[in-house]
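**Q** So that we are looking at the same thing, I have put the structure below in structure tokens.
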Amino acid sequence: MTAPDSLGSPPDPAAVIATVEVAAGSVLFAAHAAVPGDLPIERAASATLAIRGAVERARAGQRASVVLGAHELVGALAALGEAAAVRMPITVHVIERRGGLAVGRDELAPALDVGAGVLVTWSNQEAADMVLVARRAAEDSETPFLHIVDALPSDVAALGGARELAAGFLGSERTAPTFKDVAPGDTDDDGGPRPQGRGVIRKRAERSFAARVPFALTSAMRELCELTSRPLGAIERVDTADAEEIMVAVGCAFPAAREVVRSLRAQGRRVGLMGVRALRPFFSADVVKTLGRARAIVVLEPLDVPLAPSGPVAAGVKAAFADALTWAPGFPGVGRIPPIISATFATIDGAISEREVRLSLAEIASGERARRLVVFGSDG
């Protein structure tokens, strides 16, 4: 069954996400993001107030989600961090509308540090499935999830059956939150002053709840795959088993890189691709298992952090190899760290193109002289 006619063909990612969230029984909040007018939605004056509204609904035992435009996220990160501190299982979806030249997804890097799960999808179908995965993982771990949609309008199947799928996957009721927040000045059980500050109590709880997230996320992905027969994992591998050169792609870089891999493979070049959907948690051991035999690696990520030595995903890949090289538990042993080239994008014209992917990959030919940071869309 295809998407409802009211969403257009192909539908906009915001419409797809809103449709699935409503089908899942979520109260949907937005500030300025464009969401179809025929869907029930609660408008807030700002992105911060939209997140706070979702938190209040979640505290009352309801499912709640937020749809934001990319330009709204940075100003709302404090509210998202507060939601993480009080363990509210909300989902926040961030949509980039690509109409001509766009700034790099520079709202993504600071979002990695607020204590929420962070997921990235690169097609409407994955975005629709990730709505349910993020919802399930958020509820099982009592941790908010941020879902970055880096996709152009594209076809999506089975939206008409979203309500039945959501009911079977999520259930009709959600478990009440177990974390009990404390207010300043709360007393202990004996009536005396509480010896710990609110921040200490929240931080201790944060670590214990965060430990649930990897299992909650992988379990949700695996079960949805079984229900739909659509693959959806924290990472996606394309021809990596025998690859000498492997690209790591995030968001809209993945479709372009996949086409480049197909073309170069047809010419006999042993190139592979790994797509990364989960940035928080970051599955470091799985990354090394996929990339460990590569002669060189190129990381393509549609964002720019001007004062950093590399993009955040490239930094995560490098850290994963450092752990493997020093025999960290759970990691495969490696004898070397291959050259890792970080390709970031200060501005993007529509989406990352195959030309830009090929230029990034060509840097490998320089061997040890290869630049470790390549930036597109800059006047520098």
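The values are calculated or read from the model by the stated rules, or taken from the named source; none is laboratory data. Only a predicted model underlies this, so the values are computations on that prediction, with no experimental measurement involved. We place every Cβ from the backbone using ideal geometry, glycine too, and count neighbours over all the protein chains shown. Each accessible area value is taken on the protein alone, full model and side chains, heavy atoms only, with ligands, DNA and RNA left out. Shrake-Rupley method; radii C 1.70, N 1.55, O 1.52, S 1.80 Å.
**Q** Taking the stretch 322-333, which residues are part of a loop (DSSP other than H, G, I, E, B) and surrounded by 20 or more Cβ atoms within 10 Å (Cβ to Cβ)? Give the derivation first.
**A** Step one: list which residues in the stretch 322-333 are part of a loop (DSSP other than H, G, I, E, B), which gives 326-333.
Hit for the stretch 322-333 is PHE331, nothing else.
**Q** To continue, here is another question. Which is without any contact (Cβ under 8 Å) to a residue 40 or more places away in the chain and touching a Gly at 6+ places or on another chain (Cβ under 8 Å), of VAL250, VAL238? Quick ask: steps written out before the conclusion?
**A** Working: VAL250 fails: without any contact (Cβ under 8 Å) to a residue 40 or more places away in the chain.
Of the residues listed, the single one that is without any contact (Cβ under 8 Å) to a residue 40 or more places away in the chain and touching a Gly at 6+ places or on another chain (Cβ under 8 Å) is VAL238.
**Q** While we're looking at this one, here's another question. Exactly one condition in (1) in contact with a Phe, Trp or Tyr (Cβ under 8 Å, 6 or more places away or on another chain); (2) part of a strand (DSSP E or B) is false for ALA102; which is it?
**A** (1)
Okay, residues lined up against (1) charged (D, E, K, R); (2) open to solvent by 20 Å² or more (accessible area, probe 1.4 Å); (3) farther than 25 Å from SER263 by Cβ; (4) part of a helix (DSSP H, G or I):
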position: PRO306; (1), (2), (3), (4): no, yes, yes, no
position: ALA314; (1), (2), (3), (4): no, no, no, yes
position: LYS318; (1), (2), (3), (4): yes, yes, yes, yes
position: ILE337; (1), (2), (3), (4): no, yes, yes, no
position: GLU363; (1), (2), (3), (4): yes, yes, no, yes
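**Q** For the stretch 54-85, name all the residues that are over 19 Å from the mean Cα position of the chain (by Cα), without any contact (Cβ under 8 Å) to a residue 60 or more places away in the chain and open to solvent by less than 20 Å² (accessible area, probe 1.4 Å).
**A** Correct list: ALA54, VAL55.
**Q** Could you list, in sequence order, the residues of the stretch 234-261 that are touching a helix residue (DSSP H, G or I) at 6+ places or on another chain (Cβ under 8 Å) and not aliphatic (A, V, I, L, M)? Let's see the steps before the verdict.
**A** Here is the first cut: in the stretch 234-261, the ones touching a helix residue (DSSP H, G or I) at 6+ places or on another chain (Cβ under 8 Å) are 234-240, 245-250, 253, 256-257, 259-260.
Once the filter is applied, which keeps residues that are touching a helix residue (DSSP H, G or I) at 6+ places or on another chain (Cβ under 8 Å) and not aliphatic (A, V, I, L, M), the stretch 234-261 yields GLU236, ARG237, ASP239, THR240, GLU245, GLU259.
**Q** Ok, one more. Looking only at the stretch 341-359, count how many residues are over 22 Å from the mean Cα position of the chain (by Cα) and either crowded, with 22+ Cβ neighbours inside 10 Å or of a type outside the set (Lys, Arg) (or both). I'd like the intermediate steps shown before the answer.
**A** Kept after step one, since they are over 22 Å from the mean Cα position of the chain (by Cα), are these residues of the stretch 341-359: 354-356, 358-359.
Applying the additional criterion that residues be either crowded, with 22+ Cβ neighbours inside 10 Å or of a type outside the set (Lys, Arg) (or both) yields 354, 356, 359.
Summing the residues that are over 22 Å from the mean Cα position of the chain (by Cα) and either crowded, with 22+ Cβ neighbours inside 10 Å or of a type outside the set (Lys, Arg) (or both) in the stretch 341-359 gives 3.
**Q** Give me the residue from the stretch 365-380 that is of a type in the set (Gly, Ala, Ser) and touching a residue at least 60 places away in the same chain (Cβ under 8 Å) and, out of that set, surrounded by the most Cβ atoms within 10 Å (Cβ to Cβ).
**A** The selected residue is GLY377.
**Q** What helices (runs of 4 or more DSSP H), lying completely within the stretch 193-287, carry at least 1 residues that are closer than 30 Å to GLY171 by Cβ? Write out each step before concluding.
**A** On the way: elements: 198-210, 213-228, 253-266.
Helices (runs of 4 or more DSSP H) meeting the threshold: 198-210, 213-228.
**Q** Picking from GLY292, GLY268, GLY272, which residue would you name as being in contact (Cβ under 8 Å) with a residue 12 or more places away in the chain and open to solvent by 10 Å² or more (accessible area, probe 1.4 Å)?
**A** GLY292
**Q** Within the set of pairs 6 or more residues apart or between chains, which connect a residue that is under 21 Å from ILE95 (Cα atoms) inside the stretch 151-173 to a residue that is hydroxyl-bearing (Ser, Thr, Tyr) and assigned to a loop (DSSP other than H, G, I, E, B) with Cβ atoms less than 6 Å apart?
**A** Final answer for the pair search is ALA151/SER123; SER154/SER123.
**Q** Given the conditions (1) under 13 Å from LEU361 (Cα atoms); (2) open to solvent by less than 20 Å² (accessible area, probe 1.4 Å), which single one is not true for GLU244?
**A** GLU244 satisfies every listed condition except (2).
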